[in-house]
2 protein chains.
Amino acid sequence: MQSRLSAVKSQVQAALDRAIGDLPGGELRDAMAYACAGGKRIRAFLVMESARLHGVPDDAALPVAAAVEALHAYSLVHDDLPAMDDDDLRRGQPTVHVKWSEATAILAGDALQSLAFGLLADPAIGDAATRRLVAAFAQAVGGAGMVWGQALDIKAETAVTPLTLDQITRLQGGKTGALIRFAAIAGPLIADADPAPLAAYAEALGLAFQIADDILDVTGNEDVTGKRVGKDASAGKATFVSLLGLDGARAEAARLVADADAALAPYGENAANLRQLARFVIERDT
Amino acid sequence: MQSRLSAVKSQVQAALDRAIGDLPGGELRDAMAYACAGGKRIRAFLVMESARLHGVPDDAALPVAAAVEALHAYSLVHDDLPAMDDDDLRRGQPTVHVKWSEATAILAGDALQSLAFGLLADPAIGDAATRRLVAAFAQAVGGAGMVWGQALDIKAETAVTPLTLDQITRLQGGKTGALIRFAAIAGPLIADADPAPLAAYAEALGLAFQIADDILDVTGNEDVTGKRVGKDASAGKATFVSLLGLDGARAEAARLVADADAALAPYGENAANLRQLARFVIERDT
């Protein structure tokens, strides 16, 4: 898996650099490029593996992988804003609004979202596949997906009663789960195949990913994670760790990885990379 | 023209209400609906007329018209933010961040952009047309279009030397011109026809529109425009009025309306509504 992940990383970075390099120069473009640098590229990897499992060639899958990462980058830039999570550090670097300004961060995020949708119109993808991808992407991102989850999360911060496990699970299903689900079903979407097995895989993976994030917020090292840790606990925010305890959260993450594994049964050994990814997601230290 | 504009207004409002109504309820959805209420719907009208001139049926054009208005609504919500133009009044009502919060305004804008792209995936449009629209829309909105123009505008506010006429023309060509151009060429884009005449029309129209806005900022009545007036002058910002004088700006707007008229020659009498729109744009008081 690691060599495939490295290859995807450089392919996707090159695709993003090309797309951003086509824009007029200036602070806005610099901030967009800055926001798109680095990252684990787990979502891009999901797209490329999901495409491979469905016989979709790399040149059709790559723009989709780049779109998902551009979208993810926009969401981080906006989430870090003072009016949102107010974070000054991301991937070990100052966040966009700290390095430039709030206005530039808002605009860079906005432009990254447009860029992401534009990448889905790549002719290599095919017209019908583009239509399916755009519809599913809009659903995953907007007022019923990622943005909806983030709105719930912001609201929860000022709520009197902390969220229940069921509420957090639904919230995270939007905030982080929706985009991970889109990435995982990109292959079936392009190939017009049944997305159900990969959707089930993604549901377990997304939740495991979030639980691992909550664990890292408690046990992580800022120098390694590259972002502030201990924020949720000090904000008195309900997390999977506060609700299940550290051991309970670890057990739940392990259970979800087993679920993710089971969901991949129809793909057999072909899905070895995706199985490894699920384990990587809960074992990572960043 | 007025009866067609009224009809477009109610059709587009219904389409937006349907799309937003499909989302999960809550503050985010309320803020999105609020941001999409009212407005002159000039961009939607452009889409519908451009489509009619190219034999595109209303059910294929309407989602595009709604997309353009949703996108326009997002841009207003983000432009009004404290970190941007810091406006508390829009269409005679408190702006979204005043009525709810900055976080809700950022998220509602983000979700409206996703919604706009999602509308372009309406099956009635046709797969190939959807691909062309998504590519052109991303170009019109993102880091080479509207957002790029807004970034220049924000930058100009803190610049030591005011912008020149040439610089303002380019800036506005992005900030307001790019989306107007997209709306005007939506018909040829869907029908896969030559967009050149309508693109030339839109270029003149967009600039005339902006000059009229600058004139209204000087001569307008807050009760009628529904937004703060005199902001640009008090900020010492270069505008078409500060550069050309009031009479010079009026003369330039009139000249541009004549250009817009001339560009429509290939459409003859069929383009009567678009000719009237160009006159309306510089005569409006709101």
**OP:** Kindly give Rg over Rh for chain A, based on alpha-carbon atoms, with the Kirkwood expression for the hydrodynamic radius.
**Re:** 0.95
Subject >> Electrostatic dipole magnitude of the protein assembly as shown [Cβ: Lys, Arg +1; Asp, Glu -1; Cα centre; debye, to 20] >> reply: 560 debye
Original post:
Taking a label point 7 Å from the Cα of residue B:1 along the Cα→Cβ vector, which residues of the range B:161-182 have an amide N closer than 20 Å to it?
Top reply: B:176-182
Subject >> Estimated FRET transfer efficiency when R0 is 35 angstrom, pair residue A:158-residue A:219 (beta carbons, to 0.05) >> reply: 0.85
Subject >> Cβ charges +1 (Lys, Arg) and -1 (Asp, Glu), total dipole of the range A:1-124, debye >> reply: 540 debye
**OP:** Could you please state, rounded to a whole Å, how far the C-alpha centre of the range B:49-86 is from the C-alpha centre of the range A:85-113?
**Re:** 26 Å
**OP:** Could you tell me which of B:82, A:112, B:67 has its Cα farthest along the dipole of the protein assembly as shown towards the positive end, charges placed at Cβ (Lys, Arg +1; Asp, Glu -1), taken about the Cα centre?
**Re:** B:67
Original post:
Label-to-label distances across copies for residue B:167, with labels 7 Å out along Cα→Cβ, in nm, shortest first?
Top reply: 5.1
Subject >> Among A:244, A:201, A:226 the positive-end extreme of the charge dipole of chain A (Cβ point charges) >> reply: A:201
**OP:** Report, in whole Å, the centroid distance computed from the Cα atoms of the range A:194-247 and the range B:153-230.
**Re:** 45 Å
**OP:** Extending each Cα 7 Å along its Cβ direction at residue A:254 and residue A:169, get the distance between those two points in nm, one decimal.
**Re:** 2.0 nm
**OP:** Apply the Karplus parameterisation 6.51 cos²θ - 1.76 cosθ + 1.60, with θ equal to phi minus 60°, to every residue of the range A:45-53 and state each ³J(HN,Hα) to the nearest whole Hz, in sequence, with x for glycine and proline.
**Re:** 4, 4, 4, 5, 6, 4, 5, 4, 5
**OP:** Work from the charge dipole of the protein assembly as shown (Cβ charges, +1 for Lys and Arg, -1 for Asp and Glu, about the Cα centre) and give the residue of A:98, B:96, A:280 farthest towards its positive end.
**Re:** A:280
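Under the definition of partner shielding as Cβ atoms of other protein chains within 10 Å of a residue Cβ, what is the mean value for peptide A:22-32?
4
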**OP:** Using θ = phi - 60° and the Karplus relation 6.51 cos²θ - 1.76 cosθ + 1.60, list the HN-Hα couplings for the range A:151-160 in order, rounded to whole Hz, with x at every Gly or Pro.
**Re:** 5, 4, 5, 4, 4, 5, 4, 9, 6, 6
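Using packing as a proxy for protection, rank A:205-214, A:92-101 so that the peptide with the highest average count of other Cβ atoms within 10 Å comes first.
On the way: A:205-214: 24.3, A:92-101: 18.6.
Taking the mean over residues of other Cβ atoms within 10 Å, the ranking is A:205-214, A:92-101.
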Original post:
Can you work out ³J(HN,Hα) from phi for every residue in the range A:114-125, in order, using Karplus 6.51 cos²θ - 1.76 cosθ + 1.60 and θ = phi - 60°, giving whole Hz and x for Gly and Pro?
Top reply: 4, 4, 4, 4, x, 4, 6, 8, 4, x, 4, 6
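Would you work out if the protein assembly as shown is rounded, prolate or oblate? Take a ≥ b ≥ c from the square roots of the eigenvalues of the alpha-carbon gyration tensor; rounded if a/c is under 1.5, else prolate when a/b is larger than b/c, oblate otherwise.
Cα axes put the protein assembly as shown in the prolate bin.
Could you compute the net charge surrounding residue B:244? Neighbours are other residues with a C-beta less than 10 Å from the C-beta of residue B:244; K and R count +1, D and E count -1. Can you show the working numbers first?
Details: positive: B:250; negative: B:214, B:247, B:252.
In short, -2.
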Subject >> Given charges at beta-carbon only (K, R positive; D, E negative), |dipole| of the range A:2-283 in Debye >> reply: 300 debye
**OP:** Hey, can you grab everything whose amide H is under 5 Å from the amide H of residue B:89? Only 5+ residues off in sequence or another chain; H modelled, so Pro and N-termini drop out.
**Re:** B:95, B:228
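Every number here is computed from the coordinates shown, using simple stated rules; none is lab data. Here the structure is a predicted model, which is why all the values come from computation and not from measurement. Methodologically, a virtual Cβ is constructed for each residue, glycine included, from the backbone with ideal geometry; neighbour enumeration extends over all protein chains shown.
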